[in-house]
Every structure is written in C-alpha cells, then in structure tokens.
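Please read the structure below before turning to the comments.
The values are calculated or read from the model by the stated rules, or taken from the named source; none is laboratory data. It should be emphasised that the depicted structure is a prediction, and the values quoted were computed from it without experimental measurement. Cβ: placed from backbone, ideal geometry, glycine included. Neighbour counts: every protein chain shown.
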Amino acid sequence: MLYSEQVDLTRVPEHIAIIMDGNGRWAKNRGENRSNGHIAGAETVKQIVREAARVGVKYLTLYTFSTENWNRPEAEVAALMALLFESIEEEIFMKNNVAFRVIGDMNRLPELVRTRLETCIQNTSGNTRMTLVLALSYSSRWELTDAVKQIAQKVKKGELSIDAIEEKDISAHLTTNFMPDPELLIRTGGEVRLSNYLLWQCAYTELYFCDTYWPDFKEEELCKAICWYQNRERRFGKTSEQVADESK
C-alpha cells in the first residue's frame, strides 16, 4: 500500500519544517553542474507544496538559504538568487490557495528578489489553505540574537522588566511568531544535524532524517515521513502512562 494511502488525515502535523539538503550532491552524482541540482530541487518544492496542502498541513517551512550560505562561491550564490526570483510563481499559490511568507534577514537579499518576494507575500495574504514559509538568509543564532536585542530595547525603555521575561516573550520576538512550532522536521540528503535551523522552535519537534537527496524527495517520501511521525509517541517530558491517561 502506498504511504499516501496510509496517512491518517485527522492527525497530520499542523507545521512541518524541512531542510532541503542534497541538491549539489544529486547533480554531482549525475555528472552535472551544481546549479542543475538546485533547478531540480525547485521543481520538487512545487510538488511537495501541493502534496502538503492536499493532506492538510497548515504551515510548511523550507530552509532555502542560510546566513552561512552567503559564504558559498559568488557564482553559486548569484545562480541561487536568480533561481529564487524565477521560482516565485504566484499562480501556483493562488491555484492551491496557499499564502506565502518569508523568515530571515531580507535586507541582505538583492533588491529585485526582495521586491518579488514582498509582492508575492502581499498578493497571497488572503489565501487560507496552507502557508508556505521560506527561510531565506536565515539562521537561528541570527534570529535569537535579534530577539534578544528587541527585548533589551524594551527593558531599556522601561516597557518590560527583566523579572517579567518569560519563554512566550522570546517566542513573540522571533520571526516565526505568526505560526506554531513545527511538530515534524524533515532533513533530506543523509546528514543528521539541524544546521542552525529553528533551534528554539524545535525543542519538542520529531526529527526525521533520510538519505534521499532533495530532488528525489517526492510526494511518497513526504507521506512516508508523515506516517513515521504518526507512529511516534509525543510525551513532552511526561511518561507513556500519563499520555495514555490524558488520551482517554
């Protein structure tokens, strides 16, 4: 039986985060330029967005470009920015009733790319089926540092006392403050690390690692990960017995 037929649509994670890894290695194994891997990866994004919306995911966050990625060869960065510009197709969002958001330091992005992103965000803001979030020029340490600065400014102005600071105040100053923390994080490509991605938000996220390179991560692979998640017991520090009692 296909994994897409096994997914329990009543227990789909509200928020799935993905580290899309393996584009370059996928291309290298085929004797192609790394940029071809990124192009193939962009096509996979479209397929995964459609499938995530179909099964009922409400937020899909994709690690698209990290702050560390700015250190890659200039030609590769330029190619990635050009591909990003070309890949933002509002028609896909409108057809699937998907809203578009971005988290990260957008000020570092080229002006043309930033304008394209901002236009798409505005034009799709009324869509309600799912929200696709791209993490662009993003890293958790950048995000947390920025949140600390915002909170420190409020303390300095007397708007917030140090003793009153709680976890919810930190969450409220993160770029992800408009959505819940991810229940499931998927990383493709065989690596088993978080790579500075949603570190605060993933405190109790189920982590799913697979060897499949991102260009080959199709709809069935997504459903396989969701089925794996649905077989996990989410205890949040409690015992299995407590979880069982609460579900009665």
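Things worth noting here:
- Filtering region 179-197 to residues that are under 13 Å from the mean Cα position of the chain (by Cα) and aliphatic (A, V, I, L, M) leaves MET179, LEU184, LEU185, ILE186, LEU194.
- Some residue of region 77-87 being assigned to a loop (DSSP other than H, G, I, E, B) and surrounded by 13 or more Cβ atoms within 10 Å (Cβ to Cβ): no
- Qualifying residue in region 90-105 (condition: over 25 Å from VAL49 (Cβ atoms), out of contact with any Phe, Trp or Tyr (no Cβ under 7 Å at 6 or more places or on another chain) and in a loop (DSSP other than H, G, I, E, B)): no
- One residue from SER66, SER125, SER87 being touching a residue at least 60 places away in the same chain (Cβ under 8 Å) and not aromatic (Phe, Trp, Tyr): SER66
- Boolean, GLU241 is assigned to a helix (DSSP H, G or I), surrounded by fewer than 18 Cβ atoms within 10 Å (Cβ to Cβ) and either modelled with pLDDT of 95 or more or of a type outside the set (Gly, Ala, Ser) (or both): yes
- GLU220 vs. criteria under 19 Å from THR10 (Cα atoms) and in contact (Cβ under 8 Å) with a residue 12 or more places away in the chain: yes
- Counted residues, region 178-191 - those being touching a Ser or Thr at 6+ places or on another chain (Cβ under 6 Å) and under 17 Å from ALA203 (Cβ atoms): 2
- Flag for LEU144 being within 25 Å of ARG108 (Cβ to Cβ) and buried (at least 17 other Cβ atoms within 10 Å of the Cβ): no
- Region 7-50, residues that are surrounded by fewer than 21 Cβ atoms within 10 Å (Cβ to Cβ), touching a Lys or Arg at 6+ places or on another chain (Cβ under 8 Å), in contact (Cβ under 8 Å) with a residue 60 or more places away in the chain and charged (D, E, K, R): GLU14
- First in region 162-177 and in contact (Cβ under 8 Å) with a residue 24 or more places away in the chain and closer than 23 Å to VAL102 by Cβ, second anywhere and surrounded by 10 or more Cβ atoms within 10 Å (Cβ to Cβ) and hydroxyl-bearing (Ser, Thr, Tyr), Cβ under 8 Å, 6 or more apart: THR175/TYR138; THR176/THR61
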